[in-house]
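As structure tokens, the structure follows; a few thoughts come after it.
Here, each number is a calculation from the coordinates, and none is a lab measurement. Note that this is a predicted model, so its numbers are computed, not measured. As a convention, Cβ positions derive from the backbone with ideal geometry for all residues, glycine included, and neighbour counts pool all protein chains shown.
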Amino acid sequence: MSAAFILLASLRGGEADAARAAIHALGKPFADVEGTHLARIQVLEDRRLLVAADYDGDLKAWLLRAAGVLAPVLAHCAFWPGTDNPAEVLDWACDRMLRAGFSVVGSPDATVEQVIAALALRDRLARFAAETEGLGEQALFEAWRAL
């Protein structure tokens, strides 16, 4: 069974662009973190780093694996202790962890624009279903073509 992990860490002042560049340089970093199902890492509002993931296994073991891979990005966060002392890494991450009782990463490879378009399409299809309920086969077909 997978669990959700969310970390929200403050970036050091003026390091948002450097953090974005470090994220980009990693490519697909979570592919190298065993136990990861879905994950996202991004800079929010030029002030914070968000790491969200669904993972399997022990949280501490997963966090240490993830921190090792993400260290070039985490280095831009305030008070990041580096990876030399696992206990400090765990303390730092746990102090910045948000609790979630559900999956937090639904579309790890989607852009914001793609997610917005998908939500708009979902709304259009829901309206279509509500407006065409009870129509006969031919009328439903014509409504679908008009959509």
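At-a-glance table
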| item | result |
| --- | --- |
| Per-peptide average of other Cβ atoms within 10 Å, ordering 66-79, 24-37 highest first | 66-79, 24-37 |
| Segment Leu64-Glu45, extension gain: residue separation times 0.36 nm, minus the distance between their alpha carbons | 4.2 nm |
| Selected from Ala87, Ala71, Leu49, residue furthest toward positive end of dipole (the chain; charges at beta carbon) | Leu49 |
| Reciprocal of mean inverse Cα separation for the chain (Kirkwood radius, Å) | 17.6 Å |
| Dipole of the chain [Lys/Arg +1, Asp/Glu -1 at C-beta], most positive-end residue of Ala19, Thr132, Val112 | Ala19 |
| FRET efficiency for Arg122 and Arg99, using Cβ-Cβ distance with R0 set to 25 Å, rounded to 0.05 | 0.35 |
| Within the chain: Cβ-based charge dipole about Cα centre, in debye rounded to nearest 20 (Lys, Arg +1; Asp, Glu -1) | 200 debye |
| Amide N proximity, segment 61-104 versus Ile6 label position 7 Å along Cα-to-Cβ, cut-off under 17 Å | 93-104 |
| Per-pair calculated FRET efficiency, R0 = 41 Å: Ala75 and His37 via Cβ, rounded to 0.05 | 0.95 |
